[in-house]
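In what follows, a structure is listed as structure tokens, so that the remarks can point back to it.
The values are calculated or read from the model by the stated rules, or taken from the named source; none is laboratory data. All figures in this text were calculated on a predicted structure; none of them were measured in a lab. Here Cβ is always computed from backbone atoms with ideal geometry, including for glycine, and neighbour counts include all displayed protein chains. The protein model used for the area step is the full one, side chains on, heavy atoms only, and it has no ligands, DNA or RNA in it. Shrake-Rupley method; radii C 1.70, N 1.55, O 1.52, S 1.80 Å.
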Amino acid sequence: MNSLKNTRKGPFLLIGMVLSLLVILGVSILIAVTIGTTSIPITSVYKVIGYELFHIEAFKEFATGPVHDIVWMIRLPRIILAIPVGMGLAVTGTVMQAIVKNPIADPYILGVSSGASLGATAAILLGVGAIFGNQSVGIVAFLGAFLVSILVVACANIGGRANSVKLLLVGTGISSICSAFSSFIVYLANNKEGIQSITYWLMGSLAGAKAETNAVVVIIVLVGTAFFCTQFRTLNLMLLGDQAAITLGTDLQRYRYLYLLISSLMVGVIVYASGMIGFVGLLIPHMVRVVVGNNHKNVLPIASLVGAIFMIWADVGCRSILPNSELPIGILTSMIGGPCFLYLCLKKTYGLGGSNT
């Protein structure tokens, strides 16, 4: 595995990149809300938003009606949800690649997403967690991700202290087990509507975006992202390896456990809100590292914004590619992410964060 490269970037360069990406994010939101299968004049779109945000009397005619509902209740919630989903997947992917010191790690490889998926499948088709009411799917999805994280750590410690390789192998095995049980539940369930819902949900979609759900996802992802951005020194040490960290007086084990648990919380709420969306957590960190290097002080904030922008435009593509229909976003991200990731892998200079040294 490659050693951590010296990738110190000037603070002004980092600030400039972050500000530029924030501008691109803002422009993406303004453009994306005007695009969809239903053709609506751009002026009408912004009049709806202007009335809702600023209560401009001149736009009062757009306070209700089909145009208002499409813009304010369908398109805008989807865009708002796309931001934390893309951000959270990119950040957790970055963190998990550092935890196991492996460039192919992401929430799916380590089983966290599969645990959340199993929990949500059990909640929808078997009624598990019904005592939690309307939030049962989200709570059980989080519990699934959380328990799988604990299980991965516990199994990796059997027969000796866990290391990055054992975590990766155990996570891959448990991910397969969770996926198998999810499929088993779907196969046995005598609920056509539930099976159809789960099948579509497993392919990923932002169509179910709601203000209440969005608020929870935004808060958890932003707090988690902010936390990980403060942990860049420890994440950099993880790329150097346990022995190097110990010589510097840092025991990485407790940090691995903490980071896995926080990542499981983020992934759990993301999977609940949007289903299974692949390759974002795998691809975005690599794209960012090629540009800014391995230093997590630079990688994490840039990856979070790139992930948010990518997810907004992926959702736009899903709403626009097929006339009068919608493509599941997980299909589109895999179609884009798969070839891009293969290209990175086949580059002779490719490694964890760019060129081999």
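From the alpha carbon centroid of region 94-149 to that of region 197-214 is 15 Å. Between residue 261 and residue 212, the simple spin-label model (points 7 angstrom out along Cα→Cβ) gives 2.9 nm. When you restrict to C-alpha pairs under 8 Å that are six or more residues apart and normalise by the size of the chain, the relative contact order lands at 30 percent. Thinking of the chain as a set of Cα atoms, what percent of all their pairs are more than 25 Å apart? Across the chain, Cα pairs with separations above 25 Å total 54 percent.
Going by a ≥ b ≥ c, the root eigenvalues of the Cα gyration tensor, does region 128-211 fall in the rounded group (a/c under 1.5), the prolate group (a/b larger than b/c) or the oblate group? Prolate, since a/c reaches 1.5 and a/b exceeds b/c. Give the shape of region 40-121 as rounded, prolate or oblate, defined through the alpha-carbon gyration tensor: a ≥ b ≥ c are the square roots of its eigenvalues, a/c under 1.5 means rounded, and otherwise the shape is prolate if a/b is larger than b/c and oblate if not. Verdict is prolate for region 40-121. The portion of the accessible surface of region 65-123 made up by carbon and sulfur, rounded to a whole percent, is 80 (1.4 Å probe; DNA, RNA and ligands excluded). Note on region 112-251: semi-axes of the ellipsoid equivalent to its C-alpha gyration tensor, largest first and rounded to whole Å, are 33, 21, 12. Excluding ligands, DNA and RNA, the accessible surface per residue across the chain is 45 Å² with a 1.4 Å probe. Between residue 196 and residue 24, the contour length at 0.36 nm per residue exceeds the alpha carbon distance by 58.3 nm. Relative to its residue count, region 181-259 spans a Cα convex hull of 151 Å³ per residue.
For the chain, a Gaussian network of Cα nodes joined below 10 Å ranks 318, 340, 178 by mean-square fluctuation, and the top entry is 340. Taking the chain as a Gaussian network of alpha-carbon nodes connected by springs under 10 Å, the highest mean-square fluctuation of the residues 186, 23, 140 belongs to 23. Note on the chain: with a GNM built from Cα contacts shorter than 10 Å, the maximum mean-square fluctuation among 161, 256, 75 falls on 161. Rounded to the nearest 20 debye, the dipole size of the chain about its Cα centre is 1100 debye, using +1 on the Cβ of Lys and Arg and -1 on the Cβ of Asp and Glu. Based on the alpha-carbon gyration tensor of region 133-179 and its eigenvalue square roots a ≥ b ≥ c, which shape applies: rounded if a/c is under 1.5, prolate if not and a/b is larger than b/c, or oblate? Verdict is prolate for region 133-179.
A Stokes-Einstein calculation at 10 °C with viscosity 1.306 mPa s, built on the Kirkwood radius of region 1-138 over Cα pairs, returns a diffusion coefficient of 83 µm²/s.
Computed from label points 7 Å out along Cα-Cβ, the spacing between residue 64 and residue 227 is 4.4 nm.
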